[in-house]
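Q: One structure is given below, represented as structure tokens, and several questions about it will come after.
The values are calculated or read from the model by the stated rules, or taken from the named source; none is laboratory data. On a predicted model such as this, the values are computed, not experimentally measured, just so you know. Glycine gets a Cβ as well: all are built from the backbone with ideal geometry, and neighbour counts include every protein chain shown.
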Amino acid sequence: MLTRYWMVLPLLPAWLLPLPISAGQSSCVQPQVVIDSKFVPGQVWSYKTRPGEESSTITILRVEKTPKLGTIVHVRIDGIHFSNCTGGPSPDVLQHAPISRAALEASVTAKVSSVSAMPDYAAGYEDWLSHCGGVYTITADRVVAADDAAFRAGLGCH
């Protein structure tokens, strides 16, 4: 099982909004942890998946807010199937994906459970913070599709 989160930073499409930096600042805007009325760390949700990934789930990792981006929900997406044209291993999980609350709201279908122990997402989250990471504003199935395409492109697949 390959569980590395694949991140593509060189090209920021319009649906991946970067964290804003205020004039005169030399670092990223630091998001603040917030309590959300619907999304709580540890919840596991079903969502509108890509075909063939119907058992895939989203785990809520962290909920934050910035003045310009609003609420950011950090999620883990399990049960995905990336394509590997080389025949090698393929990711079956996105360990960390920051998504706008509105995009997540449009994605989820039902809360299915809660985890007793939170998955480790520290490395992905710290990497996101250190790169003034963006926020997906597309639905979760499209996040998976975009990351799958980036994975295939990184391998030279067509």
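Q: Go through (1) within 23 Å of Ala150 (Cα to Cα); (2) among the small types (Gly, Ala, Ser); (3) within 15 Å of the chain's Cα centre (by Cα) for Ala102 and report which single condition fails.
A: Here Ala102 meets the rest and fails (1).
Q: Any residue in region 110-138 that is touching a residue at least 24 places away in the same chain (Cβ under 8 Å) sitting within a Cβ distance under 6 Å of a residue that is of a type in the set (Ser, Thr, Tyr) and in a loop (DSSP other than H, G, I, E, B)? List the pairs, counting only those 6 or more apart or interchain.
A: Once the first residue is touching a residue at least 24 places away in the same chain (Cβ under 8 Å) and sits in region 110-138, its partners that are of a type in the set (Ser, Thr, Tyr) and in a loop (DSSP other than H, G, I, E, B) give Gly124/Tyr5.
Q: Oh, and also: Please go through region 24-75 and pick out each residue that is in a loop (DSSP other than H, G, I, E, B), loosely packed, with under 15 Cβ neighbours inside 10 Å and among the polar types (S, T, N, Q).
A: Hits for region 24-75 are Gln25, Ser26, Ser27, Gln30, Ser37, Ser55.
Q: Scanning for something farther than 15 Å from Tyr121 by Cα, touching a His at 6+ places or on another chain (Cβ under 9 Å) and modelled with pLDDT under 95, does region 25-33 turn up at least one residue?
A: yes
Q: When you scan region 76-94, how many residues do you find that are closer than 19 Å to Gly42 by Cβ and either surrounded by fewer than 22 Cβ atoms within 10 Å (Cβ to Cβ) or among the hydroxyl-bearing types (Ser, Thr, Tyr) (or both)?
A: So the count comes out to 3.
Q: Could you tell me whether any residue of region 109-116 is touching a Gly at 6+ places or on another chain (Cβ under 7 Å) and either in a loop (DSSP other than H, G, I, E, B) or modelled with pLDDT of 95 or more (or both)?
A: We begin by selecting, within region 109-116, every residue touching a Gly at 6+ places or on another chain (Cβ under 7 Å); these are 114-115.
Then drop every residue that is not either in a loop (DSSP other than H, G, I, E, B) or modelled with pLDDT of 95 or more (or both), which leaves 114-115.
Yes, region 109-116 contains a residue that is touching a Gly at 6+ places or on another chain (Cβ under 7 Å) and either in a loop (DSSP other than H, G, I, E, B) or modelled with pLDDT of 95 or more (or both).
Q: For region 1-23, how many residues meet the condition of being assigned to a strand (DSSP E or B) and at pLDDT below 50?
A: 1
Q: Let me ask something else about it. Can you find, within region 119-158, the residue that is surrounded by the fewest Cβ atoms within 10 Å (Cβ to Cβ) among those that are out of contact with any strand residue (DSSP E or B) (no Cβ under 7 Å at 6 or more places or on another chain) and not in a helix (DSSP H, G or I)?
A: His158
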